Amino acid sequence: MRHLKLFILAVLVALLCSPALAADKMPLLMPGKTALYQRILVVPGGEMHSKPGEGGEATVPFTAYYVFSRSKVGDTEWVEVGTSRFDAGKGWLKVSDTIDWNQGLTVAFREPKAHDRALLFRSAEKLQEVASDRELESYQALYQAALDGVIDNDSPVVAIQPPGPLDIQEDFYLVPILEHRDIYLGNEQVRMLRVASVPLSDPPAAEKPVVAAEKQQGYNAGLTFVIDSTLSMDPYIERTREAVMKIYDSLGDAGLLGNVNFGMIAFRDDPGSVPALGYRSRTFVTLEQGRNPGTFLEQINNLRAARVSSRDFREDSYAGIERAINRMDWDGHAARYIVLITDAGPRDPGDPLSGTGLDATQLSKLAQEKGVAIFVMHLLTPATRADQERAAERYRDLSEFPGIGSLYYAVPTGDVAEFGHVLDTLAGQITMQVRVAATGQPQPKSVVEPDANPRLAELQSKVAKLGYALRMRYLRQSEGGSIPRVFNAWLLDHDIRRPEIRTLDVQVLLTRDQLSDLHDILRQVLNTAEEGLLSPDNFLNELKSLAATIARDPEELGETTATTSGEGNSLADLGFMREYIDDLPYTGEVMALSLADWETWPAREQIAFLQRLEDKIAYYRALHDHTDLWVNLDRGTVSGDSVFPVPLEMLP
């Protein structure tokens, strides 16, 4: 019997030490928290080790891990990590190969057009001292030194924001927020942020090509027309064909065929409601085909206006725009333009005949993320008078370009002659900009025609600014401006000289799978609320649980709302809501919304709020399917683990 007891005891010890029960080991909690676990990101070049001090293997950069234990071997600090809360067996990382990831908020530098480039300081104290000096003398001296590249070890400044825009598809970088403090610049409350800027790759500047400012031979443009091909549009289709052929002639004369490529997409409306329409949107000429005038002309000869009417005076122009953004191959084009030509108003997301579920602002954002500017030529024909005011508002939002304004032009009465003149002017001006960049010839002193009407003159002025901005962006990228590689630096989220101007955008790094989960969960929460199964208080708690989880730990999506956890408990029910939200430097619309606020809102404001959530769901779907925006950190093909920094305002 004694031997039997010893045997049973030995078995129990073996079981307790077995991997199955060792899996019960939980991650370390964040200091002062009861439900939030320590998480880290591995930086580029980090290696995973089976044990501290043993040989390591390369890891995928920016992978998030839970921390299960910490150890020190000699002078090196180590963390034991796992990919989930229930798996401590992944291995060990050097602390120097990681950055804290206790909340998922990151920042992106805004292009410095209306504000100074951001300075990154070695300490919070020095940054606050400089920011508090309202005479700005010390700031100006530091800023000028940084511009001149004179940053030595004694300077309180460690780096300066790159001069131009940074394309994460080309040079992925991450600037996670590690700590924040609120201060005042004059009467404006701003935040000091401790960040760790980490580029995915950092080739030496000497290895990057430098392009002379006088001549940019690789500079070219892609211009895609998105044209309404419904009843009565034949004159405008023919006039667009004529304008393009004129441009081909001028490019041929200058020996620049191939420097401006034209595409053509036509749209109608939902063929399910009117089958004779034939299609909702269709590509007639790709940008590759549009390199050659003969191919363009051959392809566009197949384009004819429909011979039947749509159901009403609206068409699905957004379907044409979405196709142009997502399905045109914009690679290799330094300047990217879409020109929408229509007399009809668009289908809004709530319209049952909408083929995209997207609104003008969301489409504009998708275009900006891809570096595409959208022009709208709105034909104010008598047949659509009843909807013209609404349509104009939508199209102005659609054609908004940061720092430039709205690229919208209304053609009174839909006059074909004025339409043709404006189109010739617009296309010709874009072509001239490409010619100037490609050949180094002098820029014309004025692009505005002496007899131009004021609206056309305003558009030409915007096109000139846009062309210059795109050329400078191309030049800066070619000259190799890159994110500074620094750790634990401090910066402000507003401009020191003009505190009312934000210099950073707040983002949340999500994987493609996490965005898909977010889409499904938010849709499920909305459906459950619409079915009357959630009270207003529970509905808001569900949304806050979802928003807080996204900001803190997207890996837990589906486990922190009563709708999806399977246990009927949200973060609020469990008493963890405040813990999740505390210490976040930025929160979205939902987290600041109380039940009292909701109940005092009139019905139309509540409906508008719900519509914004519906719009975000549509945005998630479009972004998920927009595969060329996603970044695969292991250099492979796009997968569920590919990442994208989603703007905070687009999250719940």
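Would you please name the residue that is nearest to the chain's Cα centre (by Cα), looking only at residues in segment 99-114 that are surrounded by fewer than 19 Cβ atoms within 10 Å (Cβ to Cβ) and farther than 30 Å from residue 68 by Cβ?
So in segment 99-114, the residues surrounded by fewer than 19 Cβ atoms within 10 Å (Cβ to Cβ) come out as 100, 108, 112-114.
Then drop every residue that is not farther than 30 Å from residue 68 by Cβ, which leaves 108, 112-114.
Numbers: 108: 10, 112: 17, 113: 19, 114: 20 Å.
Among those residues, the one meeting the criterion is 108.
If you check every pair at least six apart or on different chains, which have Cβ atoms under 9 Å apart with a residue in segment 635-652 that is in contact (Cβ under 8 Å) with a residue 24 or more places away in the chain first and a residue that is aromatic (Phe, Trp, Tyr) and not in a helix (DSSP H, G or I) second?
638/630; 639/630; 642/630; 643/62; 643/172; 643/630; 644/630; 648/586
For segment 117-136, enumerate the residues that are within 10 Å of residue 192 (Cα to Cα) and in contact with a Lys or Arg (Cβ under 9 Å, 6 or more places away or on another chain).
124, 128
Here is a list of conditions, (1) surrounded by 15 or more Cβ atoms within 10 Å (Cβ to Cβ); (2) of a type in the set (Gly, Ala, Ser); (3) over 30 Å from residue 256 (Cα atoms), and residue 290 meets all of them except one; can you say which number that is?
(3)
Any residue in segment 339-352 that is within 12 Å of residue 314 (Cα to Cα) sitting within a Cβ distance under 6 Å of a residue that is aromatic (Phe, Trp, Tyr) and modelled with pLDDT of 95 or more? List the pairs, counting only those 6 or more apart or interchain.
Hits for this filter: 346/318.
Picking from 379, 353, 340, which residue would you name as being in a loop (DSSP other than H, G, I, E, B) and at pLDDT 90 or above? Spell out the reasoning first.
Details: 379 fails: in a loop (DSSP other than H, G, I, E, B); 340 fails: in a loop (DSSP other than H, G, I, E, B).
Matching residue, one of 379, 353, 340: 353.
Considering (1) in contact with a strand residue (DSSP E or B) (Cβ under 6 Å, 6 or more places away or on another chain); (2) loosely packed, with under 15 Cβ neighbours inside 10 Å; (3) modelled with pLDDT under 90; (4) not aromatic (Phe, Trp, Tyr), say which one residue 88 fails and leave the rest.
Against the list (1) in contact with a strand residue (DSSP E or B) (Cβ under 6 Å, 6 or more places away or on another chain); (2) loosely packed, with under 15 Cβ neighbours inside 10 Å; (3) modelled with pLDDT under 90; (4) not aromatic (Phe, Trp, Tyr), residue 88 comes up short only on (2).
Yes/no matrix, rows are residues, columns are (1) in the same structural domain as residue 549 (by TED's automatic domain parsing); (2) touching a Ser or Thr at 6+ places or on another chain (Cβ under 6 Å); (3) assigned to a strand (DSSP E or B):
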| position | (1), (2), (3) |
| --- | --- |
| 62 | no, no, no |
| 68 | no, no, yes |
| 72 | no, no, yes |
| 78 | no, yes, yes |
| 81 | no, no, yes |
| 92 | no, no, yes |
| 96 | no, no, no |
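Could you please give the count of residues in segment 396-406 that are modelled with pLDDT under 95 and closer than 7 Å to residue 376 by Cβ?
Of the residues in that region, 0 qualify.
The values are calculated or read from the model by the stated rules, or taken from the named source; none is laboratory data. Model, not experiment: these values are computed from the prediction. Glycine also receives a Cβ, built like all others from the backbone with ideal geometry; neighbour counts cover every protein chain displayed.
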